[in-house]
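Below is one structure, written out as structure tokens, with a few remarks after it.
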Amino acid sequence: MTDTRTYQLGKNAKLYYGIAGAESVSGLTEIPHVKDVTVNHDEEEYENTGRDNNGWNSTVTVGSNLSIDFQFRYIPGDTIYKALKAAQIAKTPLSFAALSGDRSLDDAAEGPLGDFVITKCSRSEPLKEGISVDVTIKLNSFTQWIGI
């Protein structure tokens, strides 16, 4: 039996970054040695239940949260690491896009584009493994959700 389902492997996803204010992904630089990426998108909510809702609870969303966690291999002298660390120290946002595929795929890749602040940029130095960098970025200014 042939598997007719379609799916996307994480290895084909791309993470891009660049100077703040990017309106598209075309001017951003890929982070090629990224490992795992998690795009976190959730809604803040408040409970709006009233007696007029026939006993049902009512929830209203009041704001969206967007953050991205990722890890990449540390390479001595790497300009990407230096740019991220400098932006964190200076508390300066950078533009990021986390796409499900290459930016050239014309509507096949989707994901957020916006300016993010770096809230975590930690270097891990395990005894028997390569050095890696764990990064958390949080949305500062939303541009668009590409492909939606």
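Here, each number is a calculation from the coordinates, and none is a lab measurement. These numbers were taken from a predicted model, which means no experiment stands behind them. Ideal geometry is used to build each Cβ from the backbone, glycine not excepted, and the neighbour counts take in all protein chains shown.
A few remarks follow.
- Gap separating the Cα centres of region 71-94 and region 120-143, nearest whole Å: 9 Å
- Put simply, the Cα atoms of region 1-142 extend 63, 53, 38 Å along their principal axes, the longest span coming first.
- Helix-derived mean residue ellipticity, 222 nm - over the chain, DSSP H n ≥ 4, -39500 (n - 2.57), to 500: -2500 deg cm²/dmol
- Entries in K35/K82; K91/K128; K35/K85 that, when Cα-Cα distance is taken, lie over 23 Å: K91/K128
- Cα→Cβ-extended label distance, 7 Å offset, between K35 and E110, nm: 2.9 nm
- Largest-first ellipsoid semi-axes for region 45-123, taking √(5λ) over the Cα gyration tensor eigenvalues, angstrom: 38, 19, 10
- Rounded to the nearest 20, the Cβ-based charge dipole of region 12-146 about its Cα centre (Lys and Arg +1, Asp and Glu -1) stands at 700 debye.
- Computed from label points 7 Å out along Cα-Cβ, the spacing between E129 and N53 is 4.4 nm.
- For Q144, distant residues with modelled amide H under 5 Å away: L113
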